[in-house]
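Chemist: Attaching a single structure in structure tokens format; questions to follow.
The values are calculated or read from the model by the stated rules, or taken from the named source; none is laboratory data. None of these values were measured; they are calculated from a predicted model. In this analysis, Cβ positions are derived from the backbone assuming ideal geometry, glycine residues included, and neighbour counts consider all displayed protein chains. Note: areas computed on protein heavy atoms with side chains; ligands, DNA, RNA excluded. Shrake-Rupley method; radii C 1.70, N 1.55, O 1.52, S 1.80 Å.
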Amino acid sequence: MTTVTHEIDGKVGVVTLAKPPHNLIDDQLINDLVAAYRTVVADGCRAILLRSSMRHFCAGAEMRSWGTGTRIHTDQVKLEAMLQDLEDVAVPTVAAVNGGALGGGLELALTCDMILAADTAFLGQVEVAVGLLPLLGGTQRLAQRAGVARAKQIAMLGRRHTPEAFERWGIINLVVPESELPSASMTWARQLAAGPTQVIRGIKLQANLEARGGIGAADARQVEINDTIWKARDRQRGADAFFATGPATAIFQGD
């Protein structure tokens, strides 16, 4: 039985965590999630919305499966490949977080380019409470977004935090009323899907390069990235649409 469902809504690939009761993570869920991403991209989506059909976005790892062969694997090569599959997918990704995003659940959200959360959500890197090390890249990604001191606070103390705190610290992008989360997150995904695909892909690549290797790593490839984008048809459509609206100086004048 699949733990993740997927569909195409316009140009948005909607990927839904659907493992009762709380989307607890094991190897099957991870494998199903990667497979869903690959499928919606192959089907032509231009953005991905990651959401949950359960009460919680994802409440962490499936602890009861440890020792049964279905726990999250700890092979370094496989972990890096899995994170690359999710974080470097060729289209922009938006996470819609409801309920709890704890431990591995928070780490799944952090692989997305943008995170929206319901005002009733709660988030935390809580593995320390059960004597575990965060293994899906959470600590380092918290440090990227919020700084080393804040990442240590979140991961070492293992507390649950409000979405407003995570928004204030720069970890998530936006907090919305719970009733508005589905529409708000879809609106963001649709706007990304309607944008110039190759340009957005280039921006994503630049940002990921900087996050992993610093400004120098991103600078070293920006001409190469731009050369690829310059030939893209959707870049030309964007330029044509802009110049058709008025004088080329309008953007600098705030019009």
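Chemist: Only residues that are surrounded by fewer than 20 Cβ atoms within 10 Å (Cβ to Cβ) and more than 24 Å from Val77 (Cβ to Cβ): list them for segment 123-145, please.
Modeler: Val128, Ala129, Val130, Gly131, Arg145
Chemist: Here is a follow-up. Test of understanding: among Ala121, Ala101, which residue is within 16 Å of the chain's Cα centre (by Cα) and on the phi < 0 side of the Ramachandran plot?
Modeler: Ala101
Chemist: List pairs: first in segment 196-216 and closer than 24 Å to Thr139 by Cα and part of a helix (DSSP H, G or I), second open to solvent by less than 30 Å² (accessible area, probe 1.4 Å) and modelled with pLDDT of 90 or more, Cβ under 8 Å, 6+ apart or cross-chain?
Modeler: The qualifying pairs are Lys204/Pro92; Asn208/Glu87.
Chemist: Now for a separate question. Test Asp234 against the criterion of being modelled with pLDDT under 90 and surrounded by 14 or more Cβ atoms within 10 Å (Cβ to Cβ), and give yes or no.
Modeler: Yes.
Chemist: Considering each of Glu107, Glu62, Glu80 in turn, give the residue that is at pLDDT below 95, surrounded by 18 or more Cβ atoms within 10 Å (Cβ to Cβ) and not hydroxyl-bearing (Ser, Thr, Tyr).
Modeler: After ruling out the rest, the residue left standing is Glu62.
Chemist: Just need a number here: residues in segment 183-214 that are within 16 Å of the chain's Cα centre (by Cα) and open to solvent by 50 Å² or more (accessible area, probe 1.4 Å).
Modeler: Selection size over segment 183-214: 10.
Chemist: Looking at (1) crowded, with 23+ Cβ neighbours inside 10 Å; (2) under 20 Å from Ile30 (Cα atoms), which one does Met114 not meet, given that it meets all the others?
Modeler: In the conditions (1) crowded, with 23+ Cβ neighbours inside 10 Å; (2) under 20 Å from Ile30 (Cα atoms), Met114 misses (1) alone.
Chemist: In the list Glu180, Glu167, which residue meets the criterion of being more than 17 Å from the chain's Cα centre (by Cα), under 17 Å from Val94 (Cβ atoms) and surrounded by 13 or more Cβ atoms within 10 Å (Cβ to Cβ)?
Modeler: Being more than 17 Å from the chain's Cα centre (by Cα), under 17 Å from Val94 (Cβ atoms) and surrounded by 13 or more Cβ atoms within 10 Å (Cβ to Cβ) holds for just one of Glu180, Glu167, which is Glu180.
Chemist: Which ones in segment 15-47 are within 15 Å of Ala109 (Cα to Cα) and in a helix (DSSP H, G or I)?
Modeler: Leu29, Ile30, Leu33, Val34, Tyr37
Chemist: Just to be sure I understand, how many residues within segment 19-59 are open to solvent by 10 Å² or more (accessible area, probe 1.4 Å), in contact with a Cys (Cβ under 8 Å, 6 or more places away or on another chain) and of a type in the set (S, T, N, Q)?
Modeler: Qualifying residue count, segment 19-59: 1.
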